[in-house]
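Enquirer: Next up is a structure, given as C-alpha cells.
The values are calculated or read from the model by the stated rules, or taken from the named source; none is laboratory data. Keep in mind the model is a prediction, meaning the values are calculated, not measured. Quick reminder, even Gly has a Cβ in these numbers, built from the backbone with ideal geometry, and neighbours come from all protein chains shown. We work out accessible area using only protein heavy atoms, side chains counted, and drop any ligands, DNA or RNA first. Shrake-Rupley method; radii C 1.70, N 1.55, O 1.52, S 1.80 Å.
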Amino acid sequence: MKESKINRRAALRTMLYIAGGTLVLPACFRESGSKTIGLKNLTISEQQELILGEIVETLIPVSDTPGAKDLLLHLFVLNMVDDCHGPEDQKVFTDGLKAFSVMLDKPSGKTFMELSTERRLLFLINLQDQNVEEVKTFYSITRNRCIQGYMNSKTVMTDMKKYELIPGRYNAYYKVG
C-alpha cells in the first residue's frame, strides 16, 4: 500500500474553502421577498421597499449630486419610522404604503412602478387631491424624512454646505449702526 502524505498548503486551502463556504452559504438561502434591513416594529416586503425607493428617487433624482437611492434614503425613511414614530404612525405608514402600491394613475391606468419619471412626479403631486387619508399621511412622512435624510447626508454636509465655525469670519468693514 502506498502512503499518502498530507500537503500542508493543500490542507490550508481546503480549510479556507470550507470556511468561505460557511460564510457565503446563508446568503444563498436568503428569503426572497424580504426586506434588506432589520426592522423591529414595521413589516415591509421587498416589493414595498422597492416602491419606497422609487418614491424617494422621484423626490430627489440624480443630477450633478447623487440621488435619493444612491444615498439609501428609502432605508433612512424606514429606520426613522421604525425607531422614531409611534405605533399609530407606523400602522398608518404601512397601511398607506400598501394602499399606495395598488393605486392607479387615472389617465394611464398604470401603477406607480409602471409610470415614466415625468408621470411619477405628476402622480405624487396629485396625491394631495386623493381622498385616501392613509396615503396622504404616508406620503407626508416619506417626503419629510427623505428631505431630512438628504439634508443630513454626507454629500450635502461636506460638499454643498460650507460650514463656518461660530462666530464666523471677522469683517472689519461691517456697518454696525
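Enquirer: Which pairs do you get when a residue that is more than 17 Å from Leu73 (Cβ to Cβ), found in segment 147-171, comes within reach of a residue that is open to solvent by 80 Å² or more (accessible area, probe 1.4 Å), reach meaning Cβ atoms under 8 angstrom, with the pair 6+ apart or on two chains?
Expert: That search, which allows pairs on different chains as well, returns Tyr163/Met157.
Enquirer: Contact list please: Cβ distance under 6 Å, first residue in segment 134-146 and acidic (Asp, Glu), second residue open to solvent by less than 60 Å² (accessible area, probe 1.4 Å), pairs at least six apart or on different chains.
Expert: Once the first residue is acidic (Asp, Glu) and sits in segment 134-146, its partners that are open to solvent by less than 60 Å² (accessible area, probe 1.4 Å) give Glu134/Val92; Glu134/Asp95; Glu134/Gly96; Glu134/Ala99.
Enquirer: Here's something else I'd like to know. Pull up segment 1-29, narrow it to residues that are surrounded by 10 or more Cβ atoms within 10 Å (Cβ to Cβ) and under 30 Å from Glu49 (Cβ atoms), then point me to the one that is modelled with the highest pLDDT.
Expert: Residue satisfying both the conditions and the ranking: Gly20.
Enquirer: Right, here's the next one. Tell me which residues, restricted to segment 94-148, are among the aromatic types (Phe, Trp, Tyr) and touching a Gly at 6+ places or on another chain (Cβ under 9 Å). Break it down into steps so the answer makes sense when it comes.
Expert: Step one: filter segment 94-148 for residues among the aromatic types (Phe, Trp, Tyr), giving 100, 112, 123, 138-139.
Correct list: Phe138, Tyr139.
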